[in-house]
1. For the subset of the range 127-159 comprising residues that are aliphatic (A, V, I, L, M) and closer than 29 Å to Leu56 by Cβ, which member is modelled with the highest pLDDT?
2. Suppose we keep only residues that are in contact with a Pro (Cβ under 8 Å, 6 or more places away or on another chain), closer than 11 Å to Leu123 by Cβ and aliphatic (A, V, I, L, M) within the range 57-83. Which one would you say is surrounded by the fewest Cβ atoms within 10 Å (Cβ to Cβ)?
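The values are calculated or read from the model by the stated rules, or taken from the named source; none is laboratory data. Please read all numbers here as calculations on a predicted model, not as lab measurements. Quick reminder, even Gly has a Cβ in these numbers, built from the backbone with ideal geometry, and neighbours come from all protein chains shown.
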Amino acid sequence: MTDEQRTDRETREYRMEELAKEAGITVRTLRFYRERGLIPPPRREGRIAWYDDSHLARLRTIAALLERGHTLSGIADLASAFDSGRDVGEVLGLGEPTEEIPVRLTPEDLADYFEGEVTPENLVAALDLGYLATDGEEIVHISRRLLDVSSALVKEGVPLSAVLAAGREVRSHAEALAALFVELLRSHAAEGDVERLRPLAKSVVEAELSMAMDRRLREP
């Protein structure tokens, strides 16, 4: 297969020198990144190593994260967590959320949302909660609302680790509330009306949470 034929592939492939040039780094730096596990191994064809666009995307991500103050050691840990994360299909399970809007992010976007807080530990926690999933070189956040609220809390000085820990607790209470209301509606509403009455359950929870916050904030 000729180089011209390779270029015509849907996913372009590069020799080491070509990839380094495209990424704006030296071959020596590329070798170093490969040895540190910052990029996946290339495809081997005899003695020739072939890299593709996913390697180029990863190199551009590394450059962007370095610009944002991350160390190579930290980036290696992030890459490991990123590579071991669950994919979108696994997180979505039965399908897309009915009301929440997923958001596609690059690792650089994620770093901008949570400046200085995107650590391997926080990334693993978010992946474990199912807030984040992977799709190739992209990250998918399961909910635009949760992403915006989490980012706002971090910008107000709340550590992302604390936000994620609270999210885990809220998840357990939310599951219990959902079970309560689904059972209530299935027991007393006409078949097929559960989805239509769903907003009523949400209103009850919002009202009770609002009153509970009032009571807590009045406490000395």
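1. Leu147
2. Ala81
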